[in-house]
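Trainee: Attaching a single structure in structure tokens format; questions to follow.
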């Protein structure tokens, strides 16, 4: 996989960063360079960070193609305004995407700071710690991704269906790339 950013390079897929929005693509061609439309890259995940004035922390929104009959819906944006973000704002594509959010930290009056509950899975406080859940799920304790610091330079991650390992990894990497 290939990760494109001002700081990091991996190999194969691409994450493009535009402001607080991160987009994960497969290994297809950039539409600007593609000679054939069937070779255009697929958008696999969109991660959007917004600053929350309430807690001073970031709200993280994650949008992925919905899986139908064992296959992910295809999004092959030909420009910056197409793709998963357009599908999110358009009622026409609501049945083709899944939307996830990060869990809001809860204020701990004793420690006088905001915290997430990881049930001993994550042991150190960090601004990068996050729990991502499906917004339509009624059980807010059920998550699709849990990422947090365990020791100096050591993080743990738990990823659940419907996220792929690649999508989960992109979400985790975006925690390090977002601007605080």
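Only the coordinates and a few stated rules stand behind these numbers; no lab work does. Quantities reported herein were computed from a predicted structural model and do not represent experimental measurements. Here the Cβ positions follow ideal geometry from the backbone for every residue, glycine too, while neighbour counts run over all protein chains shown.
Trainee: Test of understanding: in a Gaussian network model of the chain with alpha carbons linked when under 10 Å, which of 148, 83, 28 would top the mean-square fluctuation ranking?
Mentor: The residue that fluctuates most here is 28.
Trainee: For the chain, what does -39500 (n - 2.57) per DSSP helix run (n ≥ 4), summed and divided by total residues, give at 222 nm, in deg cm²/dmol to the nearest 500?
Mentor: After summing the helix terms and dividing by the residues of the chain, the value is -3000 deg cm²/dmol.
Trainee: By how many nm would the segment from residue 154 to residue 79 grow when fully extended, if each residue of separation counts as 0.36 nm and the alpha-carbon distance is taken off?
Mentor: Extra length from residue 154 to residue 79 when fully extended: 23.3 nm.
Trainee: Please sort 122-128, 166-172 by packing, taking for each peptide the average over its residues of neighbouring beta carbons within 10 angstrom, highest first.
Mentor: Final packing ranking: 166-172, 122-128.
Trainee: Most fluctuating residue of 129, 102, 141 in a GNM of the chain with Cα springs under 10 Å: which is it?
Mentor: Among 129, 102, 141, the largest GNM mean-square fluctuation belongs to 141.
Trainee: By how many degrees, 0 to 90 and rounded to 10, does the Cα axis of helix 165-177 deviate from the longest principal axis of the chain?
Mentor: Approximately 60 degrees, to the nearest 10.
Trainee: Further question: With the convex hull built on the Cα atoms of the chain, state its orientation-averaged projected area in nm².
Mentor: 11.7
Trainee: Another question, if that's okay. Pop the C-beta distance of residue 86 and residue 127 into the FRET formula with R0 = 30 Å and round what comes out to the nearest 0.05.
Mentor: 0.50
Trainee: Suppose R0 equals 25 Å. What FRET efficiency, 1/(1 + (r/R0)^6) with r the Cβ-Cβ distance, do residue 95 and residue 135 give to the nearest 0.05?
Mentor: 0.95
Trainee: At a threshold of 8 angstrom on Cα-Cα distance, excluding pairs fewer than six apart, so keeping six or more, what relative contact order does the chain reach in percent?
Mentor: Once normalised by length, the contact order is 13 percent.
Trainee: How much FRET efficiency would the formula 1/(1 + (r/R0)^6) give for residue 69 and residue 142, where r is the Cβ-Cβ distance and R0 is 30 Å, rounded to 0.05?
Mentor: 0.80
Trainee: Would you order 134, 80, 38, 26 from fewest to most other beta-carbon atoms within 10 Å of each residue's own beta-carbon?
Mentor: Arranged by neighbour count, lowest to highest, 134, 80, 38, 26 become 38, 80, 26, 134.
Trainee: In nm, to one decimal, how far is the residue 30 label point from the residue 164 one, both placed 7 Å along Cα→Cβ?
Mentor: So the two model labels end up 2.2 nm from each other.
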